[in-house]
Amino acid sequence: MPKLPTAALPVSPSAPPDRQALALLAHERLCALYGAPFRFFSTKPPLSELMSALLSHRTRNAESHRAFQQLTTQFPTWEQVRDAPTEAVQAAISPCTWPEQKAPRLQAILRELTVRLGGHLDLPRFTQLLTELPVPEARAWLETLPGVGPKTSAATLLFSTLRRPAMPVDSHHHRVAQRLGLIGPKVGTEASHALLEALLPPGWDAQQVYDHHEALMFHGQKCCYFNSPACGRCVLLEVCPTGQLRLGAAPATEPATIA
C-alpha cells in the first residue's frame, strides 16, 4: 500500500497513525469528489431531531420523513405524542419500518425526558443541557434513554440546530470504512462509532465532522456499493486493500489485521 501523508494530521493517542492518515486522505479525496462543504440537511431542534432519528432506523429517508411529518401534523406538540394512545402514534408513523416497536419507544423516551427535565418537557432546558455538556458526556446522557444508541445520539447532536461535532456512522459509511481497513471486518456499526471518531483530527468543528460523514456516506451510495462496488473508478483504489484484491492486484503490503 502506498505511503500515506501524515504531516497534516494531528496524532491522537487512541488510534494508530497509519489509520488516521488513511482516514484523512479519504476525507480529502471524497470531499473534493462530492463537493464539500455540504449543506446541513436538517434544521430541526434537538428533541425533534432525536425523534426523527429514531424513526429513520432501517427506513428509507423518504418514508421516515413522511412518518415524521404525519406524526407532527397529527400531534403538534411532543406532550401530545407522549400522552396519545400508542395505537394512534403507531398509525401516524406507519410509513416507517416497525411502527409497532417505534411508537412505544418514542413515548417511553418522552416520558423519561419528562421526569429528567423536572416534570414537564422543558425544551429550552433540554437544549441547554446538550449544549453545555462536553460532546462525549452529552452522547452518554442521550444513550441512557431507551433505544438510543451511538448513531442516534450523534445524529441528535450533529444534525440538529445544536451543530455539535459528533459523528454518526450509517451503513454506507461503515461499509466504506471497513473496506478501506479503517475498522476490522468483525466491527459492527455501533462499535465502529468510537473507533472511527478517534481517527478524526482533534478540534474538528461540526462542519468538518459532517463533511466527513457525508462524504463517506455518498461514496457508499454512489461507488462503493454493497453489491458489485465500482472499484475501477474509485478515487481511493490504490489505498483500498479490498478494491485491489477484487480487481486482482494485491496491495503492496498486506494490511494489518484489525480486531
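The values are calculated or read from the model by the stated rules, or taken from the named source; none is laboratory data. Bear in mind the structure is a predicted one, so any value in this text is a computation, not a measurement. For neighbour counting, all protein chains shown are included, and Cβ atoms are generated from backbone atoms with ideal geometry for every residue, glycine included. Ligands, DNA and RNA are stripped out before the accessible areas are found, and what is left, the full protein with its side chains, is counted by its heavy atoms. Shrake-Rupley method; radii C 1.70, N 1.55, O 1.52, S 1.80 Å.
Here is how the numbers come out for the structure above:
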quantity	calculated
A140 being within 23 Å of H193 (Cα to Cα), surrounded by fewer than 17 Cβ atoms within 10 Å (Cβ to Cβ) and among the aliphatic types (A, V, I, L, M)	yes
Condition met for S153 (out of contact with any strand residue (DSSP E or B) (no Cβ under 7 Å at 6 or more places or on another chain) and farther than 17 Å from G220 by Cβ)	yes
Residue list for the range 199-216, filter: open to solvent by 20 Å² or more (accessible area, probe 1.4 Å) and part of a loop (DSSP other than H, G, I, E, B)	P202, G203, W204, D205
Wholly enclosed helices (runs of 4 or more DSSP H) of the range 1-96 bearing at least 1 residues loosely packed, with under 14 Cβ neighbours inside 10 Å, modelled with pLDDT of 95 or more and more than 19 Å from the chain's Cα centre (by Cα)	17-34, 61-74, 78-83, 86-92
Extreme residue, nearest to P165 (Cα to Cα), among residues of the range 217-240 that are in contact (Cβ under 8 Å) with a residue 60 or more places away in the chain and open to solvent by less than 10 Å² (accessible area, probe 1.4 Å)	H219
Filter result for G184 (assigned to a loop (DSSP other than H, G, I, E, B), without any contact (Cβ under 8 Å) to a residue 24 or more places away in the chain and either out of contact with any Lys or Arg (no Cβ under 6 Å at 6 or more places or on another chain) or open to solvent by 70 Å² or more (accessible area, probe 1.4 Å) (or both))	no
Qualifying position, being in contact with a His (Cβ under 7 Å, 6 or more places away or on another chain) and not in a helix (DSSP H, G or I), among V169, V176	V169
